[in-house]
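Below is a structure I'd like to ask you about.
Taken together, the values in this text are just the output of simple stated rules run on the coordinates, not laboratory data. Here the structure is a predicted model, which is why all the values come from computation and not from measurement. Ideal geometry is used to build each Cβ from the backbone, glycine not excepted, and the neighbour counts take in all protein chains shown.
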Amino acid sequence: MELGFATRMLVEGSANVLVPEIQDESSAHLDHLLSIAPVFYNPRMKLNRDIAVLALQVYQKSVGQELVVCEPMCGTGVRGIRIAREVEGVGKVTMGDLNPQAAKLASLNVEANDLKGRVEVRNLEANLLLALHAAPEKHFSYIDIDPFGSPVYFLDPSIKVLKKGGLLALTATDMAPLCGAHPQACLRKYGGSPLHSDYCKEVALRILVGALASTAARYERAVRVVFSHSTDHYVRAYTILDYGSEKSSQSLSEMGYILHCPRCLNRRIAHKINEVGEGQCGECGGAIVVAGPLWLGLLSEASFCDGMIETAEEKGFKDMRLKRLLQTIHSESGYPPTFFNIDKLSSLLNLTSPPTVEFLRTLRKKGYKASRTHFHPRGVKTDAPSKALIEVLLSMSTTQSGT
């Protein structure tokens, strides 16, 4: 099969795949080189694909059924091929891509990995591919939406063709709108206002899940987030969708707003718009900024994280970055929305910022729950209010100075 462009073979996980030849992957212009390649393949997204394998394996073990998988924007096909080879209990994988060169290359890679018959490649636009599986007997157990930009254009057809209790994975790479640089674009796409703050990536993830929950509710589907993460230039969520009007209404009850004070960094949540108040901070009287509507519920389940950590060990995953990420997300699961940046709080008080470990230890001694967060290297998840954090910082500063 003639491709018309240079390729090279590489190994990722258990897959041997042909990818377009990129002259200098260490180049500062790698993003541009990848964007103009005849078929898109991003080597830096290996972590994303590793996590997909682990999450899907944990999900498959929980349902105990053979899975039918769809990746409607497959590029080289590496993700779908890895899923077929590495996840036990996967029956069939359907991959698609609008780019005919991508479909050709993915087909070659399917054959090279001896998956012909189990993995099907279609040269179709993503929404059309999904729509062709509208009949209940053709629905998918798992759909992986990993586009360049926003996944919102694929929410409706994905929800329609996902089996009851199926797993839907969404990636959003349009972080500028989601993190507050282009708030109107965020409002147009996701139906929520972002927040330009230290925890903007967490807000971005919550806006993404909120958009999914709102869309799913129109079809009487309920959203349950089992795992999610913010990594590099994107946010990603793994959600199980259940059926039923009561369940979807319960899911919507997890929606709400985050009220943030840029002056003193105080924040609170509100589940209803009439709880937002008059726009003044209760601590310092400053003007508050409102983000939302967005998802206020769990972003990961501790038991699901446990399963992913165990599966990573069973499958021999060696990537330390992956292991640290899973451990941190496990430790922060169950905490309320938002986190505090120790450096930002210390700067507000004109204090030297303490080590994260010492700050966490002091908070716990005061009776508060506290954990690191994967969203920021100096971020702390806690149930303590901002006022208590400030008191802890001041006490630590006094102890260090010896006065």
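Please go through region 165-226 and write out the chymotrypsin sites (Phe, Trp or Tyr not before Pro) that DSSP classes as loop and that have at most 14 other C-beta atoms within 10 Å.
On the way: sites: TYR190, TYR199, TYR219; in loops: TYR199, TYR219.
Sites meeting the loop and neighbour criteria: TYR219.
Restricting to Cα pairs below 8 Å that are 6+ residues apart, what does the relative contact order work out to for region 83-211? Please round to a whole percent. Before the final figure, lay out the partial values.
Values: 176 pairs, mean separation 21.1, N = 129.
Normalised by residue count, the contact order of region 83-211 is 16 percent.
Which of the trypsin sites (Lys or Arg not before Pro) found in region 293-342 are in a DSSP loop and have at most 15 neighbouring Cβ atoms, other than their own, within 10 Å? Mind showing how you got there, number by number?
Details: sites: LYS315, LYS318, ARG321, LYS323, ARG324; in loops: LYS315, LYS318.
Of the trypsin sites (Lys or Arg not before Pro), the ones in loops of region 293-342 whose Cβ has at most 15 other Cβ atoms within 10 Å are LYS318.
If you don't mind, another one. Of the candidates CYS70, CYS284, CYS264, which one comes out as most mobile in a Gaussian network treatment of the chain with C-alpha springs shorter than 10 Å?
CYS284
From the Cα gyration tensor of region 158-273, with a ≥ b ≥ c the square roots of its eigenvalues, which class applies: rounded if a/c is under 1.5, or else prolate if a/b is larger than b/c, or else oblate?
In terms of gyration-tensor shape, prolate.
Per 0.36 nm of contour for each residue apart, how much would the distance between SER14 and ARG218 grow if the chain were fully extended, relative to their Cα-Cα spacing?
69.5 nm
To continue, here is another question. With just the Cα atoms defining each centre, how far is region 135-195 from region 325-403? Give it in Å.
Cα centroid of region 135-195 versus Cα centroid of region 325-403: 32 Å apart.
Let me ask something else about it. So who's got an amide H within less than 5 Å of the one on ARG122, skipping anything under 5 residues away but keeping other chains? H placed 1.01 Å off N, in plane.
MET95, GLY96, ASP97
Here's something else I'd like to know. Check the chain for me: any Cys whose beta-carbon has no other cysteine beta-carbon within less than 4.7 Å?
Those would be CYS70, CYS74, CYS186, CYS305, since no other cysteine Cβ in the chain comes under 4.7 Å of theirs.
GLN327 to SER347: extension gain in nm, 0.36 nm per residue of separation minus the Cα-Cα distance?
Working: separation 20, 0.36 × 20 = 7.20 nm, distance 2.88 nm.
That works out to 4.3 nm of additional length.
How much FRET efficiency would the formula 1/(1 + (r/R0)^6) give for GLU275 and GLN65, where r is the Cβ-Cβ distance and R0 is 60 Å, rounded to 0.05?
0.90
State the extension gain, in nm to one decimal, for the chain segment bounded by GLN101 and LYS46, taking 0.36 nm per residue of separation less the distance between their alpha-carbons.
Length gained, GLN101 through LYS46: 17.6 nm.
I've got another one for you. For ARG378, enumerate residues with amide H under 5 Å from its amide H, sequence gap 5+ or separate chain, H modeled in the peptide plane.
none
For a quick size check, give me the Cα extents of the chain along its three principal axes, largest first, whole Å.
76, 47, 39
Set the bar at 20 Å for Cα to Cα. Now go through LYS163/LYS315; LYS138/LYS160; LYS323/LYS369 and name every pair that lies beyond it. Don't jump to the answer; show the numbers that get you there.
Working: LYS163/LYS315 27 Å; LYS138/LYS160 11 Å; LYS323/LYS369 23 Å.
Distance filter (> 20 Å) returns LYS163/LYS315; LYS323/LYS369.
In whole Hz, what ³J(HN,Hα) sequence does region 86-100 give by Karplus (6.51, -1.76, 1.60; θ = phi - 60°), x for Gly and Pro?
Result, ordered by residue: 9, 9, 5, x, 8, x, 9, 10, 10, 10, x, 7, 6, 6, x Hz.
Once you order the gyration tensor axes a ≥ b ≥ c over the Cα atoms, which shape class does region 237-363 get: rounded for a/c under 1.5, otherwise prolate or oblate by comparing a/b with b/c?
Because a/c hits 1.5 or more and a/b fails to exceed b/c, region 237-363 counts as oblate.
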